[in-house]
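These notes are about the structure you will find just below.
All of the numbers you see were taken from the coordinates with simple rules; none came from a lab. Everything numeric in this text was worked out from a predicted model, so none of it was measured.
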Amino acid sequence: MNSWVGLGIIAAIIGLFVMLYNRLVALRQTRENAFSDIDVQLKQRFNLVPQLVETVKGYASHEKSVFENVTNARAQVGAAKGATGERVAAEGVLGGALMSLLAVAEDYPDLKADQNFQKLMDELSDIENKIAAARRFFNNATAEYNTSTQQFPAVLVANMFGFGKEEFFELDEAEAVAVQKAPEVKF
């Protein structure tokens, strides 16, 4: 009789560990899937940047440093891979460079009236909204994952199998300032 109780307790403990392990795996997969959603939008933005730069260049050819910054930032994004801090930082630099490019565009009324520029701006705005939504979902998945890896008894399983704390996808300072700045409306 005692051996059955002992076996039952051991089976319950093993079952708990299996359940916790599977939950941590599922949360990690959800986080990775959420980053893939961000990645799709970032690639669309990445591909849109050269078109936007070329359109603005036609009107503001003397703004060479802005174009170089955007091109260099885009190259950094191309070199960074995965959901790493390096990739997140590179995307932040590209976002800041795009904000500079858009600030230059504000100085050229003819450019703002150009249909190609307007179409590109609409696409960029749509992509940025999708990136923001995907970032929120990713950060939510990351928070849930991080919380689960730190709660008892899951922390025991997490430590045994190498489930560690993951980074959030944060805005860099230039993007945060640009997002917080109220848009200027002119009539």
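What the table shows:
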| quantity | calculated |
| --- | --- |
| Relative contact order %, the stretch 1-137, counting alpha carbon pairs below 8 Å whose residues are six or more apart | 34 percent |
| Length gained when the stretch S36-I9 is fully extended (0.36 nm per residue, less Cα-Cα span) | 5.7 nm |
| Volume of the Cα convex hull of the stretch 112-168, divided per residue and given in Å³ | 69 Å³ |
